[in-house]
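None of the figures in this text is laboratory data; all of them are computed from the coordinates on show. From a predicted model like this one, the values you see are computed outputs, not experimental measurements. Cβ sites come from the backbone with ideal geometry, for glycine too, and all protein chains shown count toward neighbours.
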Amino acid sequence: MADSPSFRRHPLASSVDLVRWLPSSSTSPSGRLLAAAVHDPTSGPAASSIHLLPLSDPGSPLASLPLPSRATALRCSPAALAAATSSGSLHFLPSSFDSDAAVSVPGGAGFHVGPVRGLDCGGEEWVTAGEDGRVHLVGGAADGRVVARRLWDGKGMSGYEAARWASPVEFATGGAGCGVQWWDRRKGDAVVAQCNGIWGRGIVTGMVHSIDIHPSRKHICVVGGSSGTIFAWDLRWPQQPIPLSGVGLNGTAEPACESEVWEVLFDTYTQSSDIISSASARILPVMMCSEDGILAVVEQDERPFELLAEACAINSFDIDPQNPSDVVCALEWESIGVLTRGRDAMAEE
Amino acid sequence: MPGMPGMPTDGGGAIVPFTGEPAQAAPPPPPVRPIRHGVAPPIFRIYVSWSSGNLLQVACLRPPNSEGGGGTEELVGSVVEVNLGDGGSGGSEAEEKIDEGEMRRIEYGSVPAFALLQSRKNTLADAATMSHVPSVPDHAEWWQYVLEYSKTIGNLLGNPDPPVFMIEDPKTILKVREKPTSLRAAWELLEIFYVDKHLQGWLPERLVDWLSDFDSLLSTMASTVYSKLSNFQKKLINLQIVEDDPDYWNGLSAALSVGWLDIVVNMLRFHGSYQLDQMDNRETENGLVEAVAVLVSTMPRLRPNLPTGKLGQCCKTRPDFIKAWEKWRGQVTKLECSAFWIQCGHQKTRYGLKNLLHIMMGNINELTDATSHWLELFASHFLYIKPFTVGFEGMHLLAQKCIQLKPSSGTNGLTGLILGVLSENTEVVLAECTKNFGPWLVTHAMELLTADNDYADVMLHEERLNFGGISIEELHRLVYAQVLCSHSLTWQFLMPFCLFIFPRDLFSLLPLGWLTEAWIHPMIAPTYLSSCLNQGLGLLEILLLKQPIQDNCLVLKTLEICRLYELENVSTIIMKIAGIYHWKHGRKGTGVYWFQQAHDKVCLDRIAQQLFEHIGKSVTDDSFKQWEGLLELLGSDIGSAGGLEFLHRYRDFKRSLQQALDRRCGEAARQTVDFLIQLMKNPSTPQRFWLPLLHDSVELLNSKLSPLMNVAETTLLLNKLQELSMAKRCPDFSSNHLPSHAISSVRLALASNLARAILGDP
């Protein structure tokens, strides 16, 4: 498959698990930066790290932070870049990218045991949600020390795969079979609403992999998970999730893919095709990536708009918050791809 | 050999004796890795097994009761890890070893091209069966598909052309470019000989081109045209008068003999007579140099076109070429006999230029002197002696002759491959590929060999009984897929194959060095296995079942492969294994999730019993919060929850009971009884839970004066109790640690309730 001029693949010679845009500052001499969680497939899990890559030459990292095991979550805030690992630890790299100044919370009985896939920054505090069923709030990175406070210990009865803040006092989590939960800190740090998703018809249940919440519509979660499922959950109608894509739905939505949806994000670049109703209940366009190599934009009651159809899985992607036309994705075959969307491409739609 | 205990020998402390194959002319030295195990001899046993990635675990043990130093503490044994990926000492190849990351890039990149070609093959085969025409695909079309495939793969292997925009020093003889790899050289060679039918008529010129790209790979030890020129290049900076240096003329004749005309012309312009201050004194000399340069640059070549920057005049057809050739040769001869040579004062120039003319005239002695490697001599024959050499037989005879003339040049993988191709012996070609270039090349090059060669087609696709009913093609794909997934199991699986099938004189054992290219990557192996009709799916199942299940994402990736290849039974097993793993490690929710996905009622029932005991002991509202997530996961309407379905109702019952006992309110008590009746009626409630349920309710039944149940309900419960009393006589009855009088106290409570119900009945 020949690369179109708007899409570039950059081989990295190590497996890329996650990739994110870093907030670019005008002072940065090397231009726009990416953060990628990589591991060496030949050396086992020990050789994992976070690389800072310049967009101009992603093959040569500017800085690197070694991790004790493979990264399972990667997020950045204006102050720091945070990575959680499959051994339950959490690592912060300050925005100066000085790896000596990195701080971490070690994995184990005091924090998380096993992979932590839910990680998000809510301004002051970070939330972590692990497969061990624990939810922590981590904060206080200002004085160089990080403090983790346990919000909930599910004792393994449920495991979490995703977490996302809606507001400084509310966040959503999702996991294996348990759908999505809405937590409210004002109501005793407890789950106040629960949604089992739209799985059904032969597929008993599914796993949530990713949740996104639009900053301007904090009552709506968009959720990506097993079997090509993407649905929106509106807290105002908690019992009626809105399907956006999925296998086996009766005609309401065409599946964008049939395999695992690894990540979903609201796509601020794609204009909703129905501009007048954009203030109404209609769900805003959502970008997704999947195990079968699809990067697409899905909209309620619309055909999915495919941006990429790769031969290998797309494990992770990120839309540049400052230039939403640019998308970076982590490809299974040890490379990252950078997609630049132009006005022309959108006009065709 | 993995998994096999080896007996150490006494010889020089070597752990495993290695005997090279004496039959081979020049066996490549085996890569030797010293291991510091720290165990004093005698070593009794050695175990070797694969760890993750490229790590090999070697365990060295002393005899169990060795009468050692009597009291001195000595190691009884030790386990060391050896990383086969860190290069090692295997630098015997002439090429720069392709590093692992680069090799993986090639492996990934070749998957789509391979898959596309296979699907085209299948489409053509289907079309052939549909229309009942002979099943041989349309060759005219087919080789073009293969050529497209070959070009795609070739691009992956690197581009030998120099970058377009490059400012070069005029004194640069050899252009700076990407370092060629012998993998690419081998691939291109196969493409030239087996696939590209367009250019079949210009085969000799294509070989000359190939040599100009890959001459540097022929030998690192012995001299080649390339090495001569690069040595001269280094010397050039310090040379005042180039034409006085014999290496200048040697380089010129070498470059001319293999047809690197642009380099020859460029080098001739270094000649001192071109310098402005000498122009006047050396006018004749300069004229002769320029005349030779013109002749070199106008040499006729039997080929359709020339890449930019290359010299010569192209002749597409034979008659055109013969005409041009005769004219050109005439000019060369005329210059050779010219009277101007006497006026040329510089003896070395005169001699050197004449030598160049003799090369152009096809003088065998001069050609033999100018070239170093037999392949270079071979190419020079095409250029100057036999431009019309066609047919493999003629080429092969010529190659033999050249080898006799240049016996010292030896052979390496590439020359062995060329000889195999020229001798039209597909077996030898395959063996050379296997031996020198590894399983990636063999697997992918198989398509090139069979593109338009019926013999190879039959030879490679014939199902052989001694291979267990598979063809050579399938065998190599299986081997490659296993190398991709380098795994202890697959390695053992493959060893008997190698020992068994390869005739010793043709195929050597899989060199261990291959494994340095291996890593655990199951995601691309299925593409190759799915094209193996006989054993591919079986092996795929084994590989999938061996994938790690600790990580949910990896499990999902494996399940995705199962979905693509419709291996439902395999995915069910994987889900069950994952379920048990997570359950064992305390992640009960995830465990239950996988069991549900696998529709494993047996495991879910067993889990239900465990959970019941857990729940039964702690009924406070607080602990229920933890169960909430799990119970939510089970859902009330999900049929596949198996025995766990009842937990949901049990949770409601317990909670309600708690409320009823706390608040002593009639409504809550009534609701609790409703839950109890539902539970007792429901067939999914296992019998062993009946008694605890009833026993839990005793306090409630006894606490009220008015009857909580009507006659029919009470009778139902009494009947269940009766059933239990019968079952109690069975040996496998378990009483759930309830007091021995449990049954009687339940019976008493029910009886009094019944009495009150009868009395209360209007």
- Item | Reciprocal of mean inverse Cα separation for the stretch B:299-437 (Kirkwood radius, Å) | 17.3
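Rounded to two decimals, what is Rg over Rh for the stretch B:378-434 when you use alpha-carbon atoms and the Kirkwood radius? Please list the in-between numbers first.
Values: Rg = 11.7 Å, Rh = 11.9 Å.
With Rg and the Kirkwood Rh in hand, the quotient comes to 0.98.
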- Message: If each residue of separation counts as 0.36 nm, what is the full-extension length gain between residue B:179 and residue B:400 once their alpha-carbon separation is subtracted?
- Response: 76.6 nm
- Item | Order of B:351, B:145, B:480 - criterion: other Cβ atoms within 10 Å of each residue's Cβ, fewest first | B:351, B:145, B:480
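Taking 32 Å as the cut-off for C-alpha to C-alpha distance, list the pairs among B:546/B:588; B:235/B:386; B:171/B:348; B:179/B:557; B:327/B:401 that go past it. If you can, show how the numbers build up before the last one.
Details: B:546/B:588 23 Å; B:235/B:386 35 Å; B:171/B:348 21 Å; B:179/B:557 37 Å; B:327/B:401 29 Å.
In this structure, B:235/B:386; B:179/B:557 lie more than 32 Å apart at Cα.
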- Theoretical FRET efficiency, 1/(1+(r/R0)^6), r = Cβ-Cβ of residue B:198 and residue B:465, R0 35 Å, to 0.05: 0.30
- Item | Principal semi-axes in Å for the stretch A:100-179 [√(5λ), Cα gyration tensor, largest first] | 21, 15, 10
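With the cut-off at 29 Å, tell me which of the pairs B:310/B:334; B:234/B:316; B:576/B:720; B:234/B:406; A:155/B:576 have Cα atoms farther apart than that.
Details: B:310/B:334 25 Å; B:234/B:316 38 Å; B:576/B:720 35 Å; B:234/B:406 26 Å; A:155/B:576 21 Å.
In this structure, B:234/B:316; B:576/B:720 lie more than 29 Å apart at Cα.
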- Query: Using modelled amide H (1.01 Å from N, peptide plane; none on Pro or chain starts), what sits under 5 Å from the amide H of residue A:290, excluding residues fewer than 5 places away?
  - Reply: A:262, A:314
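If you wrap a convex hull around the alpha carbons of the stretch A:46-166, what volume per residue comes out, as a whole number of Å³? Each step should come with its number before you reach the end.
On the way: hull volume 12.9 nm³, N = 121.
It is 107 Å³ per residue.
Filter A:218/B:601; A:187/B:654; B:151/B:175; B:601/B:654 down to the pairs with a C-alpha to C-alpha distance above 30 Å, please.
The answer is A:218/B:601.
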- Can you list the residues of the stretch B:284-301 with backbone N under 11 Å from a point 7 Å past the Cα of residue B:343, pointing along Cα to Cβ? B:284-288
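Determine the gain in length on full extension of the stretch residue B:130-residue B:78; use 0.36 nm per residue of separation and subtract their C-alpha separation, reporting nm with one decimal. Don't skip to the end; give the middle numbers.
Working: separation 52, 0.36 × 52 = 18.72 nm, distance 6.36 nm.
Answer, rounded to one decimal: 12.4 nm.
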- Query: residue A:256's amide H: which non-local residues (gap 5+, or another chain) put their own amide H closer than 5 Å, with H modeled 1.01 Å from N in plane and none for Pro or chain starts?
  - Reply: A:246
- Can you sort B:414, B:174, B:256 by how many other beta carbons sit within 10 Å, fewest first? B:174, B:414, B:256
- Note on the structure: Given a Förster distance of 60 Å, the FRET efficiency implied by the Cβ-Cβ spacing of residue B:238 and residue B:122, rounded to the nearest 0.05, works out to 0.45
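Arrange B:582, B:198 by Cβ neighbour counts within 10 Å, fewest through most, would you?
Numbers: B:582 27, B:198 11.
If I rank by nearby Cβ atoms, fewest first, I get B:198, B:582.
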